[in-house]
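**Student:** Questions regarding the structure given below will be posed in turn.
The values are calculated or read from the model by the stated rules, or taken from the named source; none is laboratory data. Here the structure is a predicted model, which is why all the values come from computation and not from measurement. In this analysis, Cβ positions are derived from the backbone assuming ideal geometry, glycine residues included, and neighbour counts consider all displayed protein chains.
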Amino acid sequence: MINWSSLTTSVMRWLYPGLRIKRWLFLTLIGLGTAFMGFTLLVGPDLYQSGKAVVKLLSFLRSPLYGGLILVCGISLMVLGLQRATRASVEVLSSGRNRPFIDTIFTKRYLESGPRIVSIGGGTGLSVLLRELKRYTSNLTAVVTVTDDGGSSGRLRGELGILPPGDVRSCILALADTEPLMESLFQHRFTGGGGLKGHNFGNLFIAAMTQMYGFKDAVKLFSQVLAIRGQVFPVTLGMVQLESEDQSGRRYRGQALLNDQAGTIRRISLVPPDVKPLPEVLAAIGEADAVVLGPGSLFSSVIPNLLVPGVVSALLETKAPIFYVCNVMTQPGETAGFTAADHVKALLDHTVPGLIDYIIVNSDLAVPGDKLQLFRQKGSNLVAPDYQRLRELAPNLVCGPLIDREFITRHNGRLLAQVIIDGVLFQANRGRAKAREGRFYQFNNRILSRLRRDGSVGAPQDTPGPMMPKQ
């Protein structure tokens, strides 16, 4: 049975601008028509008496010389068009992946023209966002914290002396353009086997490659294996730890200890504090069309990246708008009792005032009590959006129902990605990014609406109304 919806989607994708193959097919058709005209001039117009317009044109070009020249010109155009179309197709299909041809072209060509977005954070929140942003653009850079010292990552860090691979692995898999079986394999966690118990296969894979090539190259090679849409970088290659101070003045060393503490954190710092940022991270921030801070644990995923010397300076120098995505729920041991403004203030206290251009906050607090009961018992609750204070901390506030009703500790990834892309386009249309606007011209409202209708990107049917930045 024909799947008309899928067929329509595939046909419509051929009409999207920026695929860089339609132009050569069109040139081939022009060449075919020109060659036909030249052939007609040589043979004689009597063959095609039905074409009145052609007959009138041929009456002015009766010389065989004209016919020969036009025929050669037409054949040349046909050859050039077919050659370029074939080259474009071979280049796109060079990955060898078993996917529909138009889907491969769409990914390779159209998404390559999307906005350059740098996402800074770690943990589950960042990977949820990246998984949806890759539907809009392939120009994604994930900057990941390396302070994790718990679980499988912490064990590998302690036993092998390598940077923790867990958050890097999660981001790479979120951006992967691979088969579900391969993703499941790298997400597999061993449940037995003595020393293997609790370890993640993807972590072990990165650890093995780190011993062979070093952590930086291991991440790069792992990304190539999974053909990710974008790139993933650790914020630094230095072996850093997180030191935190709670409201009572007690200090803790290590990220894993935060989950075992009660109350909230006053301040965090890196040990040692003078680690060097990865040069590729600073370059990506400088070339970005948008920078997104979060989502993720405020004190253990987002702020640690900003404490690496040079990162905040790069954020201040970039022309890209900076978005901060506030968490939808508080976190025991870190942000218990925090409002949305408390999150923003803590981030600014650790960096500089005025760093953030846009605050994105969830406004949906109508979650059933039975769903919240277990989290409240552990010290978590929904983050309240105190709008007045938020407007005092950043010039633009974007709010909407962004919580995932199935996993209420997370954002709805599709809605959040839609808000960020809309914000990037809004900024470009205002003229702040005019120099870059032409690079992703095809990401206009008409194209995005079509993409969302055919299920390629964007939000499900219960998407809220437009959530544009407020002045």
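**Student:** Select the helices (runs of 4 or more DSSP H) contained entirely in the stretch 147-227, then report the ones holding at least 3 residues which are within 24 Å of Asn305 (Cα to Cα).
**Tutor:** Ranges flagged: 151-160, 166-175, 201-213, 215-225.
**Student:** Name the residue that is nearest to the chain's Cα centre (by Cα), counting only residues in the stretch 207-234 that are more than 24 Å from Ala288 (Cα to Cα) and of a type in the set (S, T, N, Q).
**Tutor:** Result: Thr210.
**Student:** Then there is this: Tell me which helices (runs of 4 or more DSSP H) are completely within the stretch 244-323 and hold 3 or more residues being small (Gly, Ala, Ser) and at pLDDT 95 or above, or say none if there are none.
**Tutor:** Hits in the stretch 244-323: 279-287.
**Student:** Restricting attention to the stretch 300-335, and to residues there that are closer than 13 Å to Gly125 by Cβ and of a type in the set (Gly, Ala, Ser), which single residue is surrounded by the most Cβ atoms within 10 Å (Cβ to Cβ)?
**Tutor:** Checked the stretch 300-335; the qualifying residue surrounded by the most Cβ atoms within 10 Å (Cβ to Cβ) is Ser301.
**Student:** Could you please let me know if Phe222 is under 23 Å from Asp149 (Cβ atoms), among the hydrophobic types (A, V, I, L, M, F, W, C) and surrounded by fewer than 21 Cβ atoms within 10 Å (Cβ to Cβ)?
**Tutor:** Numbers: under 23 Å from Asp149 (Cβ atoms): yes; among the hydrophobic types (A, V, I, L, M, F, W, C): yes; surrounded by fewer than 21 Cβ atoms within 10 Å (Cβ to Cβ): no.
Taking the combined requirement at face value, the residue does not satisfy it.
**Student:** Within the set of pairs 6 or more residues apart or between chains, which connect a residue that is free of Cβ contacts under 8 Å to residues at least 60 places away in the same chain inside the stretch 336-347 to a residue that is hydroxyl-bearing (Ser, Thr, Tyr) and not in a helix (DSSP H, G or I) with Cβ atoms less than 7 Å apart?
**Tutor:** His343/Thr335; Val344/Tyr324; Leu347/Tyr324
**Student:** When the stretch 340-367 is examined, which residues are found to be under 22 Å from Gln255 (Cα atoms) and part of a loop (DSSP other than H, G, I, E, B)?
**Tutor:** Scanning the stretch 340-367 gives a single hit, Thr351.
**Student:** Could you please give the count of residues in the stretch 368-412 that are touching an Asp or Glu at 6+ places or on another chain (Cβ under 7 Å), in a strand (DSSP E or B) and not hydrophobic (A, V, I, L, M, F, W, C)?
**Tutor:** Of the residues in the stretch 368-412, 2 are touching an Asp or Glu at 6+ places or on another chain (Cβ under 7 Å), in a strand (DSSP E or B) and not hydrophobic (A, V, I, L, M, F, W, C).
**Student:** Residues in the stretch 204-234 that are in contact (Cβ under 8 Å) with a residue 40 or more places away in the chain, touching a strand residue (DSSP E or B) at 6+ places or on another chain (Cβ under 9 Å) and not hydroxyl-bearing (Ser, Thr, Tyr): how many?
**Tutor:** Number of matching residues: 13.
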